[in-house]
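A.B. asks: I have a structure I would like to understand better, so I am pasting it below and will then ask my questions one at a time.
The values are calculated or read from the model by the stated rules, or taken from the named source; none is laboratory data. Keep in mind the model is a prediction, meaning the values are calculated, not measured. Note: ideal-geometry Cβ built from the backbone for every residue, glycine included; neighbour counts use all protein chains shown. The area values use the complete protein model at the heavy-atom level, side chains included, leaving out ligands, DNA and RNA. Shrake-Rupley method; radii C 1.70, N 1.55, O 1.52, S 1.80 Å.
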Amino acid sequence: GLARPIAKHAQTSLEWQRPSQPIASVMDREAFVQAVLNLLLNAVDAVRPIEAGDVAIELAAVGSQLELTVSDNGAGPSASVAARIFDPFVSDKPEGAGLGLAGAKRFAAEHRGELQWKRENGRTLFVLTLTLEKGT
């Protein structure tokens, strides 16, 4: 809900691919939403200079894991920050604090998961993987 108006204001398309089946897991919901929002806002910022910027988010259950992928067609991180992209206070953005990706990475670690990034087919992908813990 928060990302759509921001993407629209940035003239960026935002595509949301829901899982085919509901995914149940026990986690800190607010922290999860904040981590996802950080990834989405980072992607929207990454495509702002592009006339036809697009951001996609996909949530899926893969075996016993939840996999959330946020991708964009921006240029990706510069070589000077790529290796340290998840470190606090590291950012390519002139006005960036460098805390969004660090916070998302911390969330993943606190929930026995991981956050990785890669470039693939002209897109930057951030993949958040968490072990599904079934509720009682």
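A.B. asks: Is it true that some residue in segment 118-129 is buried (at least 17 other Cβ atoms within 10 Å of the Cβ) and either in contact with a Pro (Cβ under 9 Å, 6 or more places away or on another chain) or assigned to a helix (DSSP H, G or I) (or both)?
C.D. replies: Looking through segment 118-129, at least one residue is buried (at least 17 other Cβ atoms within 10 Å of the Cβ) and either in contact with a Pro (Cβ under 9 Å, 6 or more places away or on another chain) or assigned to a helix (DSSP H, G or I) (or both).
A.B. asks: Ok, one more. Please identify the pairs in which a residue from segment 47-64 that is open to solvent by less than 40 Å² (accessible area, probe 1.4 Å) has its Cβ atom under 8 Å from the Cβ atom of a residue that is charged (D, E, K, R) and not in a strand (DSSP E or B), counting only partners at least 6 apart or on another chain.
C.D. replies: Qualifying pairs under 8 Å: LEU59/ARG18.
A.B. asks: Give me the pairs: first residue in segment 90-109 and among the acidic types (Asp, Glu), second residue open to solvent by less than 80 Å² (accessible area, probe 1.4 Å), beta-carbon distance under 6 Å, and six or more apart or on different chains, which are they?
C.D. replies: Within 6 Å, the pairs are ASP92/PRO77; ASP92/SER78; ASP92/VAL81.
A.B. asks: When you look at ALA75, is it more than 24 Å from LEU2 (Cβ to Cβ), at pLDDT 90 or above, surrounded by 14 or more Cβ atoms within 10 Å (Cβ to Cβ) and more than 13 Å from the chain's Cα centre (by Cα), yes or no?
C.D. replies: yes
A.B. asks: For segment 106-117, how many residues are charged (D, E, K, R), assigned to a helix (DSSP H, G or I) and either closer than 17 Å to LEU132 by Cα or in contact with a His (Cβ under 8 Å, 6 or more places away or on another chain) (or both)? Spell out how you get there, then give the answer.
C.D. replies: Going through segment 106-117, the residues charged (D, E, K, R) turn out to be 106, 110, 112, 114.
So of that shortlist, the ones also assigned to a helix (DSSP H, G or I) come out as 106, 110.
Cutting the leftovers down to either closer than 17 Å to LEU132 by Cα or in contact with a His (Cβ under 8 Å, 6 or more places away or on another chain) (or both) gives us 110.
Residues in segment 106-117 being charged (D, E, K, R), assigned to a helix (DSSP H, G or I) and either closer than 17 Å to LEU132 by Cα or in contact with a His (Cβ under 8 Å, 6 or more places away or on another chain) (or both): 1 in total.
A.B. asks: Let me ask something additional. Could you tell me which of the residues ALA60, ALA56, ALA24, ALA52 is over 20 Å from ARG106 (Cβ atoms), outside any helix (DSSP H, G or I), of a type outside the set (D, E, K, R) and at pLDDT below 80?
C.D. replies: Values: ALA60 fails: at pLDDT below 80; ALA56 fails: at pLDDT below 80; ALA52 fails: at pLDDT below 80.
That would be ALA24, the only listed residue that is over 20 Å from ARG106 (Cβ atoms), outside any helix (DSSP H, G or I), of a type outside the set (D, E, K, R) and at pLDDT below 80.
A.B. asks: Looking at the structure I just gave you, is LEU41 among the aliphatic types (A, V, I, L, M) and touching a Leu at 6+ places or on another chain (Cβ under 8 Å)? Let's see the steps before the verdict.
C.D. replies: Working: among the aliphatic types (A, V, I, L, M): yes; touching a Leu at 6+ places or on another chain (Cβ under 8 Å): no.
Considered against the rule, which asks whether it is among the aliphatic types (A, V, I, L, M) and touching a Leu at 6+ places or on another chain (Cβ under 8 Å), LEU41 comes out as no.
A.B. asks: Looking at segment 96-117, which of the residues that are small (Gly, Ala, Ser) and open to solvent by 20 Å² or more (accessible area, probe 1.4 Å) is nearest to ALA60 (Cα to Cα)?
C.D. replies: GLY113
A.B. asks: Let me ask something else about it. Being more than 18 Å from LEU40 (Cα to Cα) and part of a loop (DSSP other than H, G, I, E, B) is the filter here, so list the residues in segment 71-86 that pass it.
C.D. replies: Answer for segment 71-86, where residues must be more than 18 Å from LEU40 (Cα to Cα) and part of a loop (DSSP other than H, G, I, E, B): SER78, ALA83, ARG84.
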